[in-house]
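Taking it in order: structure first as structure tokens, then the write-up.
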Amino acid sequence: MKLLGILMCIIIFIGICAAEETEYFDWKGSQLYAAKNYTDALAYFNQAVAQDPNYVNAWVHKGDTERILKDYNVSIQSYYNALQLDGSNAAAWSGIAESYMAVKSYSNATIAASKATELNNQSKNYWYREGRLLQLQGMYEESVAKFDGAIALDPNYKEALYLKGITQMALGNYEDAKALFDQALVVDPNYKQAYLGKGLALHADGKLVEAQQEYDKALEIDPGYSSAKISKMHALMAMNKPREAFGMLI
């Protein structure tokens, strides 16, 4: 009986040491990941999951690293390995969404992104990502609700205000779009994309002079902003000013 007790203690001790070693591998990998040494980080995460295949965080971190290294299909499998152990791991669902986005599989990305938001509905970035994905698929009305979710969490979320404005333009709601671009510009007066968006809304509404003024504001911030240059050229051509339009090419 005494020998059995000693053996049990040894087994327990070995188990504790193995667990600590696995945590060390994951910690070391995370340090290297933070330092952008992704190849060495991945080696440590591989060691962690080899040591303990049930270590959820190591699978997630492994997936993150594989995704950064653009090994998207492998990263998706790592995230699914994490989800087999913990189906409510929001970080794993989020990683799957990012990997599917990278390969432009937007429908699959949307499913994963929706699950991540459901599990962590206090993340403004999760709401924003869902809005972007729906917008990319032309599901404009559905995307508005997601951008609203992001803005509810952060009224100064300029990127969400901007993309909601783009969505409203796609729906033909130009006044609503302009109001959203103005809101984004209150947050950041140097947000060139919002000036461009406002110009496009005015342009689509037939207000060419006002549109040109907004394009000019964007170009004051970034003289090389090609989208604003091209949009201004179209406005000048529409105003029958071909000389000025072609002069922008010089």
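List the longest stretch of the chain that has no exposed loop site; here a site is one of the trypsin sites (Lys or Arg not before Pro) assigned by DSSP to anything other than H, G, I, E or B, with at most 11 other Cβ within 10 Å.
Result for the longest clean stretch: 105-250.
On a full-extension model of 0.36 nm per residue, what is the gain between residue 230 and residue 145, subtracting their alpha-carbon distance, rounded to one decimal in nm?
Contour length minus Cα-Cα distance gives 27.5 nm.
Setting aside same-chain residues fewer than 8 positions from residue 178, which aspartates and glutamates have a Cα under 19 Å from its Cα?
The reachable aspartates and glutamates, counting only those whose Cα sits under 19 Å from residue 178, are 141, 148, 159, 188, 205, 210, 214, 216.
Which of the aspartates and glutamates could a cross-linker span from residue 62 if the Cα-Cα distance has to be under 17 Å and same-chain partners fewer than 8 positions apart are dropped?
21, 23, 26, 40, 52, 71, 86, 98
Can you tally the net charge around residue 40? Count Lys and Arg as +1, Asp and Glu as -1, for every other residue whose Cβ sits under 15 Å from the Cβ of residue 40.
Here the charged neighbours net out to 0.
Once you sort the root eigenvalues of the Cα gyration tensor of region 134-250 as a ≥ b ≥ c, which label holds: rounded (a/c under 1.5), prolate (a/b larger than b/c) or oblate (the other case)?
Note, shape of region 134-250 comes out prolate.
Can you give the helix-only mean residue ellipticity at 222 nm for the chain, where every DSSP H stretch with n ≥ 4 adds -39500 (n - 2.57) and the sum goes over all residues, rounded to the nearest 500 deg cm²/dmol?
-26000 deg cm²/dmol
Report, in degrees rounded to the nearest 10, the 0 to 90 angle that the Cα long axis of helix 2-34 makes with the longest principal axis of the chain.
Helix 2-34 and the main axis of the chain meet at about 20 degrees.
Given a 1.4 angstrom probe, I'd like the percentage of the accessible area of the chain that is carbon and sulfur, rounded to a whole number.
54
Calculate how steeply helix 192-204 sits against the longest principal axis of the alpha-carbon atoms of the chain, using the helix alpha-carbon long axis, and give the answer as 0 to 90 degrees to the nearest 10.
That helix lies at roughly 50 degrees to the long axis.
Could you sort out which of 207/229; 104/198; 115/146; 124/217 sit more than 20 Å apart by Cα distance in this structure?
104/198; 124/217
Taking only Cα atoms, what is the 0 to 90° angle, nearest 10, from helix 90-102's long axis to the longest principal axis of the chain?
50
Within a Cβ distance under 11 Å of residue 28, other residues only, what is the Lys/Arg minus Asp/Glu net charge?
-4
Can you tell me the length gained on complete extension of the stretch residue 246 to residue 222, counting 0.36 nm per residue apart and subtracting the Cα distance?
6.7 nm
Once each part is reduced to its C-alpha centroid, what is the distance from region 30-56 to region 59-128 in angstrom?
Centre-to-centre distance over Cα atoms comes out at 17 Å.
Hey, with R₀ at 35 Å, roughly what FRET efficiency would residue 210 and residue 103 work out to, going by the Cβ-Cβ distance, to 0.05?
0.30
The values are calculated or read from the model by the stated rules, or taken from the named source; none is laboratory data. As the structure is a computational prediction, the values presented were derived from the model and not from experiment. Counting neighbours? That spans all protein chains shown, and the Cβs are built from the backbone with ideal geometry, glycine included. Only protein heavy atoms, including side chains, enter the accessible area calculation; ligands, DNA and RNA are left aside. Shrake-Rupley method; radii C 1.70, N 1.55, O 1.52, S 1.80 Å.
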